[in-house]
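Just below is one structure, and these are the notes that go with it.
Here, each number is a calculation from the coordinates, and none is a lab measurement. As the structure is a prediction and not an experimental result, all values here were calculated from the model. Neighbour counts are summed over all protein chains in view; Cβ atoms, including those assigned to glycine, are modelled from backbone coordinates with ideal geometry.
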Ligand code: AIR
C-alpha cells in the first residue's frame, strides 16, 4: 500500500508593494493593483506621502517583504525616489497628471541622481507600472513568465 507523501514545501506568492502618495491617487493605484491581481500576486497597498508622512514611509520600506515597489504620485512626486533611497529593490514610478499635465511628476521620477534609479513609466500609465513589476518578478518566478508570454501572445504553440 503506497504511503501518502506530504510536501513540506511552502508555496510563496510573490508580493508587490503599491504605494500611492494620497487617497486622491486611488484610481491609478487600484488600476495597478487590479493588473497585479490578474497575475495572482500578493499586493501590499498603502497610502503614504513622502512629504507628509516621511517616518511612516521609512518604516514601511524597511519592514515590507515585497520584492518590488510601485510608487504612484503627482505634483513634486518624491515618493519613488525616496523609496529608492532606502532600498536596493527595484522601484517603479508612475507619474500622475495632477498639474502641468504630469510633467512635474514625470521629471521628479525620471531625473534621479546617478546610483539611485527609478524605473519610470508614462504619465498616468499605472497599467504599465504593474506589468513592468510582473516582468521583474518573472525573472525569478517562471510561472509569471508563462502568464506574461500568454498575455502578450508570445507563447509558442
Ligand atoms: N503628493 C502627496 N505628497 C507629496 C506629493 N507629491 C501628491 C499626491 C497627489 C497630489 O500630491 O501623490 O497626486 C495631491 O495630493 P492631495 O492629497 O492634496 O490630493
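Values for this structure:
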quantity	calculated
Helix 126-138 vs. the chain, principal-axis angle (Cα, 0 to 90°, nearest 10)	40 degrees
Helix 142-151 axis, angle to the chain major axis (alpha carbon atoms, nearest 10°)	70 degrees
Full-stretch length increase - residue 89, residue 152 - with 0.36 nm per residue and alpha-carbon distance subtracted	20.1 nm
The stretch 46-81 and the stretch 95-136: distance between their alpha carbon centers, rounded to Å	14 Å
Relative contact order %, the stretch 70-131, counting alpha carbon pairs below 8 Å whose residues are six or more apart	37 percent
Residue order, fewest to most surrounding Cβ atoms within 10 angstrom, among 118, 43	43, 118
Ranked list, fewest to most other Cβ atoms within 10 Å of each Cβ, for 18, 110	110, 18
Two-site label geometry, residue 127 and residue 107: point separation in nm, points 7 Å out along Cα→Cβ	2.8 nm
FRET efficiency, residue 26 to residue 59 (Cβ-Cβ, R0 22 Å, nearest 0.05)	0.50
Percent RCO, i.e. relative contact order, over the chain, from Cα pairs under 8 Å lying at least 6 residues apart	21 percent
Residue 135 versus residue 37: modelled label distance in nm, points set 7 Å from Cα along the beta carbon direction	2.4 nm
Distant alpha-carbon pairs in the chain (separation over 27 angstrom), percent	26 percent
